[in-house]
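Heads up, the thing below is written out as structure tokens.
The values are calculated or read from the model by the stated rules, or taken from the named source; none is laboratory data. Since this is a predicted model, take the numbers as computed values, not measurements. All Cβ positions, even for glycine, are placed from backbone atoms using ideal geometry, and neighbour counts span all protein chains on display. Protein only, heavy atoms only, side chains kept; ligands, DNA and RNA dropped before computing areas. Shrake-Rupley method; radii C 1.70, N 1.55, O 1.52, S 1.80 Å.
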Amino acid sequence: MTMELNDLLHELNDQRRTFRVTVQGLTAAEAVKRTTVSELTLGGLLKHLTWCERGWTHILTEQPGTPPGMLDWDQYTWTGDDLDALLESYDEAVRTTDEAVRTASLDKLVPLPSAPWDQNPQPMSIRRIVLHLIRETAQHAGHADIIRESLDGQSTTAFLYE
């Protein structure tokens, strides 16, 4: 593994860990609770990030077609009662993404599926896909931190550095 690849996966996993802290110790009932005017919940964000990992892995491994759920707005909504199963699903998606990234060249360009917002997307390098996953995970870790702090006062930053 190159130093660049190691650094990119290290940063991605650091963002994933930060996100995971926000759901630590929650019940399923807490994970579906809205704590702000936003529709986002911790369970919904976890489901979305799981679908993100799977979708980008689908793309970077050049599987045919649009990734399942990519255009489904329900990916932000989780109403389940088994938070442990959702966390396991996320962890499995993360492992699959990391394995796929480790076996690919960062410079390799892969085609993107068309979407309503881009009918003719340009290919993207594996490097940009990893950078996108870092940004996406970090953005939602911030959302999750606000939701969790509004839920019970738990501060992810304070927890990480206690």
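Brief remarks on what is shown
- Derived scalar couplings between HN and Hα for region 131-137 equal 4, 5, 4, 4, 4, 4, 5 Hz in order, rounded to whole Hz, by the Karplus curve 6.51 cos²θ - 1.76 cosθ + 1.60 (θ = phi - 60°), x for Gly and Pro.
- Computed log₁₀ I(q)/I(0) - Debye formula, equal Cα scatterers, no solvent, region 1-90, q 0.19, 0.22 Å⁻¹: -0.96, -1.13
- Backbone amide hydrogens, once placed in the peptide plane, bring Met124 within less than 5 Å of Val110, Leu112, excluding anything fewer than 5 places away on its chain.
- Rounded to the nearest 20 debye, the dipole size of the chain about its Cα centre is 320 debye, using +1 on the Cβ of Lys and Arg and -1 on the Cβ of Asp and Glu.
- Across region 116-128, computed HN-Hα scalar couplings (Karplus, 6.51 cos²θ - 1.76 cosθ + 1.60, θ = phi - 60°) run x, 8, 7, 6, 9, x, 7, x, 10, 6, 4, 4, 5 Hz from first to last residue, x flagging Gly and Pro.
- Computed over protein heavy atoms with a 1.4 Å probe, the accessible surface of the chain works out to 55 Å² per residue.
- Taking amide H as placed 1.01 Å from N in the peptide plane, Val23 has no amide H partner under 5 Å among residues 5 or more places away or on another chain.
- Here the 3J(HN,Hα) profile of region 58-67, calculated from phi with Karplus coefficients 6.51, -1.76 and 1.60 at θ = phi - 60°, is 4, 6, 5, 8, 6, 6, x, x, 6, x Hz, Gly and Pro shown as x.
- Gyration tensor (Cα) of region 119-159, equivalent ellipsoid semi-axes in angstrom: 32, 11, 4
- In this simple spin-label model, placing a label point 7 Å from the Cα along the Cα-to-Cβ direction at both Ser150 and Leu109 gives a separation of 4.2 nm.
- Of the solvent-accessible surface of the chain, computed with a 1.4 Å probe and all protein chains present, 52% belongs to carbon and sulfur.
- Computed per residue of the chain from DSSP H runs no shorter than four, each worth -39500 (n - 2.57), the mean residue ellipticity at 222 nm is -19500 deg cm²/dmol.
- Positive-end residue of Leu87, Ser105, Gln75, charge dipole of the chain with Cβ unit charges: Ser105
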